[in-house]
Amino acid sequence: MRKENTEIQNKAITPSISTQTNFQPFTAEFKIITDGLTRDFSNSRYHNKSADIFIEKDNPNLVHVQKENITWGDFFSTLPMKVTDYCLTTGTGQMFCSGETGKLRFYLNEIETPKALEMRISSGDSLIIEYETFDTTDSQTSSTSSAIISP
C-alpha cells in the first residue's frame, strides 16, 4: 500500500506533457519554371534561411521541413523573393504575373492547385510553379527550350 501511494505522489509531481507530438522532419521538392526555363536556387543567398524550413546547396530543390504545419507560403517567405497566388518576383527583381500577357500556375503533386501557397507541406510533396507568357501571334503559350537560370 505504501508503494502505491508513492507512485500516485510521483505522478502528481511529474507534469504531463500534452504538447508532445511525434513529428519527424521530412523533405519535399519544388521547382519554378518561367517560360520554359527552370530557375536555379544554388546561390547561397537562398540556403538555410530558417531553422524551421530551408534548402541547401547540395540539392537546392529539396525543401527540408523541421516543424509541423508549415505551408508553401511560409517556405517562400523565407527566401529573398516574393510569391503570391498571382505574381512571382524573383531574387533579381523580375516579375511574372498572371494577366493579359501570361499566367502563373501552381501544381501540387501534379494537380493544378491555385491556392498551393496556403497548403501545408507534407512529406514527399512536389510543388511546381510555372509561368508561361502567352504567344501573341496565336494566343497559345510560348514554348522555349528548357534551361536553368538564376531565380
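The values are calculated or read from the model by the stated rules, or taken from the named source; none is laboratory data. The structure presented is a predicted model; accordingly, all values stated were derived computationally and were not measured. Here Cβ is always computed from backbone atoms with ideal geometry, including for glycine, and neighbour counts include all displayed protein chains.
A few points about this structure:
- Entirely in the stretch 56-151, the strands (runs of 3 or more DSSP E) that have 2 or more residues that are at pLDDT below 95: 147-149
Rundown of residues vs (1) surrounded by 16 or more Cβ atoms within 10 Å (Cβ to Cβ); (2) over 16 Å from Glu132 (Cα atoms), yes/no style:
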{"site": "Glu56", "(1), (2)": "no, yes"}
{"site": "Asn59", "(1), (2)": "no, yes"}
{"site": "Asp74", "(1), (2)": "yes, yes"}
{"site": "Leu79", "(1), (2)": "yes, yes"}
{"site": "Gly99", "(1), (2)": "no, no"}
{"site": "Gly102", "(1), (2)": "yes, no"}
{"site": "Ile111", "(1), (2)": "no, yes"}
{"site": "Leu117", "(1), (2)": "yes, yes"}
